[in-house]
Amino acid sequence: KTPEEKSQNPKEQQKLHEYGIYLNEQLMNILFEFDGIICGPEFEKARYQRKEGVKQSQALLDKVDNIKTLVKN
């Protein structure tokens, strides 16, 4: 089956939606972990890497949300 055919199957849609929820939760946990990292001003490289990790995690969250919306419709 093509992805389009699978997404038309209600059972597959539910499975994909639940997987999207799981991915959202995992990415939120990662963001909470990043939030718990405290870097002093002397650790500029670590602060930059933390900031990049947050940006990447947020971008992935946006992608998962977009995919969930597509599957839902």
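Would the stretch 9-20 turn up any residue that is modelled with pLDDT of 90 or more, open to solvent by less than 100 Å² (accessible area, probe 1.4 Å) and among the charged types (D, E, K, R)?
Taking every residue of the stretch 9-20 in turn, none turns out to be modelled with pLDDT of 90 or more, open to solvent by less than 100 Å² (accessible area, probe 1.4 Å) and among the charged types (D, E, K, R).
So, in the stretch 34-45, exactly how many residues are surrounded by 11 or more Cβ atoms within 10 Å (Cβ to Cβ) and either within 21 Å of ASP65 (Cβ to Cβ) or at pLDDT below 90 (or both)?
3
How many of the residues in the stretch 31-73 are assigned to a helix (DSSP H, G or I) and either within 30 Å of PRO10 (Cα to Cα) or touching a strand residue (DSSP E or B) at 6+ places or on another chain (Cβ under 6 Å) (or both)?
Matching residues across the stretch 31-73 total 16.
Determine if the stretch 56-70 includes at least one residue that is at pLDDT below 90, among the polar types (S, T, N, Q) and surrounded by fewer than 15 Cβ atoms within 10 Å (Cβ to Cβ).
Within the stretch 56-70 (the criterion being at pLDDT below 90, among the polar types (S, T, N, Q) and surrounded by fewer than 15 Cβ atoms within 10 Å (Cβ to Cβ)), the answer is yes, since at least one residue qualifies.
The values are calculated or read from the model by the stated rules, or taken from the named source; none is laboratory data. Computed from a prediction, not measured in an experiment: that's the story for all the values here. Every residue, glycine as well, gets a Cβ built from its backbone with ideal geometry; the counts of neighbours run over all protein chains shown. Side chains are part of the model used for accessible areas, which takes the heavy atoms of the whole protein and leaves out ligands, DNA and RNA. Shrake-Rupley method; radii C 1.70, N 1.55, O 1.52, S 1.80 Å.
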